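Below is one structure, written out as structure tokens; the observations come after it.
Read the figures in this text as sums done on the coordinates, not as results from a lab. Keep in mind that what you see is a predicted model, and the values were worked out from it rather than measured. Quick reminder, even Gly has a Cβ in these numbers, built from the backbone with ideal geometry, and neighbours come from all protein chains shown.
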Amino acid sequence: MDVKKLYEELNKIQIKKWNRSLPFQDTIDDRWERAKLLGFGKKASIYNSCHVFGNVEVGENTWIGPNVILDGLAEKLKIGDFCSISSGVQIYTHNSVNWALSGGRCSYENDKVLIGSRNYIGSLSVILPGTIIGNCCIIAANSVVKSKVEDYSIFAGTPAKKIGFVTFEKKEPKLNFLEKEKI
């Protein structure tokens, strides 16, 4: 069977079973097996289209969506349990801004990134070196985060700022947004 026919057959299975059509590499890859190979926690999954560099630790039941970059090259990158890292998220433990602007005279900025458990990181967000995100937080899509995010916070924007907090009623999460004057 040629590669094109193999993809067509696998694509038909994906459509029938999951109602989705994926790129070829994601039809032949097992996301849970890849997570296991990378030493991630039980039931974690990571798409084949993701890039993983350096020292990256991921907890149990965490979903890493397509086209994510996890950069633990410079320092440790740790993500807790039950997190949802949406498609296109980029998490970095280093940047080369000072190095580039100084013509190589300055070094890269390196710092760890710690993300607690039960967090949602929205699509296309960028998490910069030195960021610490607590537990049970939401980072809205397209946010750029370089700060400490306290437990139960909702952050959004570029740069990301606190716009609300999470509470629970009868075990169900409730999103509470701050008034504009308090943001």
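Every helix of 4 or more DSSP H residues in the chain counts as -39500 (n - 2.57), and over all residues that averages to -5000 deg cm²/dmol at 222 nm. Under 18 Å Cα-Cα from LYS161, which aspartates and glutamates qualify once same-chain neighbours fewer than 8 residues away are excluded? Those aspartates and glutamates meeting the cut-off are GLU150, ASP151, GLU179, GLU181. Shown here for segment 1-74: trypsin sites (Lys or Arg not before Pro) in loop regions (DSSP other than H, G, I, E, B) with at most 13 other Cβ atoms within 10 Å, namely ARG20, LYS42.
For the options PHE24, PHE155, PHE53, a Gaussian network treatment of the chain with springs between C-alpha atoms closer than 10 Å singles out PHE24 as fluctuating the most. Across segment 142-158, computed HN-Hα scalar couplings (Karplus, 6.51 cos²θ - 1.76 cosθ + 1.60, θ = phi - 60°) run 6, 8, 10, 10, 8, 6, 8, 10, 6, 3, 6, 9, 10, 10, 8, x, 9 Hz from first to last residue, x flagging Gly and Pro. Look at (1) 15.9, 49; (2) 22.9, 74; (3) 18.4, 63: the one that is Rg and Dmax of the Cα atoms in Å derived from this structure is (3).
Say we join alpha carbon atoms closer than 10 Å with springs in a Gaussian network model of the chain; which of CYS136, CYS106, CYS50 then has the biggest fluctuation? Fluctuation is largest for CYS106. Between the amide H of ILE133 and those of LEU114, ILE115, GLY116, VAL149, distances stay under 5 Å, these residues lying 5 or more places away or on another chain, with hydrogens modeled in the peptide plane. Projecting the Cα positions of PHE82, THR131, PRO159 onto the charge dipole of the chain (unit charges on Cβ atoms of Lys, Arg, Asp and Glu, taken about the Cα centre) puts PHE82 furthest along the positive direction. A straight line joining the Cα centroids of segment 43-91 and segment 125-153 runs 14 Å. Dipole check for segment 32-182: with +1 at the C-beta of Lys and Arg, -1 at the C-beta of Asp and Glu, and the Cα centre as origin, the magnitude is about 120 Debye. Counting Lys +1, Arg +1, Asp -1, Glu -1, what net charge surrounds VAL166 among other residues with beta carbon under 9 Å of its beta carbon? Cβ neighbours under 9 Å give a net charge of 0.
For the chain, with a Gaussian network of springs between Cα atoms less than 10 Å apart, report the residue from ASN11, ASN48, ASN110 with the top mean-square fluctuation. Most flexible of the set in this elastic network: ASN11.
Could you compute the net charge surrounding LYS16? Neighbours are other residues with a C-beta less than 15 Å from the C-beta of LYS16; K and R count +1, D and E count -1. Present the calculation step by step, with values, prior to reporting the outcome.
Details: positive: LYS12, LYS17, ARG20; negative: GLU8, GLU9.
Result for the local shell: +1.
Farthest toward the positive end of the dipole of segment 32-182, out of VAL145, HIS51, TRP99, is the Cα of VAL145, where the dipole comes from beta carbon charges about the Cα centre. Over the chain, Cα pairs under 8 Å with separation of 6+ residues give a relative contact order of 11 percent.
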